[in-house]
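A.B. asks: The structure is given below, and queries will be raised subsequently.
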């Protein structure tokens, strides 16, 4: 049996300063702002901008982060950073109440986008409906997206009742998942306006 080669990586996870990891913890502190893994500092950085975080940290991954690391390695990147439209840790069954105005979250989004060589948008329907309108309350958010427009990509778009949004990178439905070789689509000016304006 051939053993899979494992790349050593340096991890970083930033949670709310009072986060404890308890199941019943308040959404006020149950927040993750940033997650990163680096295995080759010389190669480009890939940032994935999704809807909301899981409990994945610098040591333990979830399925989506694991897929994105493998995708990044397969496509020649040396690091991955993860940010979200909402910092509140929750499973995929989000509601409007799970999206909040959080200055710390915006700062990490800003930092990750500026550092990235490529940014994959993947916040899905709920992120588009509830997360992006909150981020647009920050005067600098649309400027940040515009300044980094050449870096913006998606795996694909989904359309739900004429609402266009970037597909999640690792959907729950197996038949909708992407292979590691899946080419990214650059965000056009028309799509940019549909997503952000």
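The values are calculated or read from the model by the stated rules, or taken from the named source; none is laboratory data. Small disclaimer: the values here were computed from a predicted structure and weren't measured. Cβ sites come from the backbone with ideal geometry, for glycine too, and all protein chains shown count toward neighbours.
A.B. asks: Those residues that are surrounded by fewer than 17 Cβ atoms within 10 Å (Cβ to Cβ) and touching a strand residue (DSSP E or B) at 6+ places or on another chain (Cβ under 7 Å), I need them from segment 159-178; list them, please.
C.D. replies: Listed by number, the list holds a single entry, 164.
A.B. asks: Then there's this: Whether any residue in segment 54-68 is more than 20 Å from residue 152 (Cα to Cα), within 12 Å of the chain's Cα centre (by Cα) and outside any strand (DSSP E or B) is what I want to check.
C.D. replies: Yes, there is a match, as at least one residue in segment 54-68 is more than 20 Å from residue 152 (Cα to Cα), within 12 Å of the chain's Cα centre (by Cα) and outside any strand (DSSP E or B).
A.B. asks: While we're here: Looking at segment 134-150, can you tell me whether even one residue there is in contact (Cβ under 8 Å) with a residue 40 or more places away in the chain and within 17 Å of residue 31 (Cβ to Cβ)?
C.D. replies: yes
A.B. asks: Being within 17 Å of residue 84 (Cβ to Cβ), surrounded by fewer than 17 Cβ atoms within 10 Å (Cβ to Cβ) and either touching a residue at least 60 places away in the same chain (Cβ under 8 Å) or touching a helix residue (DSSP H, G or I) at 6+ places or on another chain (Cβ under 7 Å) (or both) is the filter here; which residues of segment 37-68 pass it?
C.D. replies: Matches in segment 37-68: 63 only.
A.B. asks: Additional query: Can you tell me which condition residue 86 does not meet? The list is (1) more than 22 Å from residue 61 (Cβ to Cβ); (2) surrounded by 16 or more Cβ atoms within 10 Å (Cβ to Cβ), and all the others hold.
C.D. replies: (1)
A.B. asks: Quick one: in segment 1-16, of everything that is touching a helix residue (DSSP H, G or I) at 6+ places or on another chain (Cβ under 9 Å) and assigned to a loop (DSSP other than H, G, I, E, B), which residue is modelled with the highest pLDDT? Before you say what the answer is, go through the steps one by one.
C.D. replies: Of the residues in segment 1-16, the ones touching a helix residue (DSSP H, G or I) at 6+ places or on another chain (Cβ under 9 Å) are 7, 9, 14, 16.
Filter again for assigned to a loop (DSSP other than H, G, I, E, B), leaving 7, 9, 16.
Working: 7: 56, 9: 80, 16: 96.
Of everything passing the filter in segment 1-16, 16 is modelled with the highest pLDDT.
A.B. asks: Follow-up. Which numbered condition trips up residue 73, out of (1) in a loop (DSSP other than H, G, I, E, B); (2) over 25 Å from residue 98 (Cβ atoms)?
C.D. replies: Against the list (1) in a loop (DSSP other than H, G, I, E, B); (2) over 25 Å from residue 98 (Cβ atoms), residue 73 comes up short only on (1).
A.B. asks: Considering segment 97-125 alone, what residues qualify as being under 11 Å from the mean Cα position of the chain (by Cα) and on the phi < 0 side of the Ramachandran plot? Please lay out each step first, then the result.
C.D. replies: Our first condition is that a residue be under 11 Å from the mean Cα position of the chain (by Cα); within segment 97-125, this holds for 109, 112-113, 119-124.
Listed by number, the residues that qualify are 109, 112, 113, 119, 120, 121, 122, 123.
A.B. asks: Which of the following residues is under 21 Å from residue 17 (Cβ atoms) and either buried (at least 21 other Cβ atoms within 10 Å of the Cβ) or modelled with pLDDT of 95 or more (or both): 34, 71?
C.D. replies: 34
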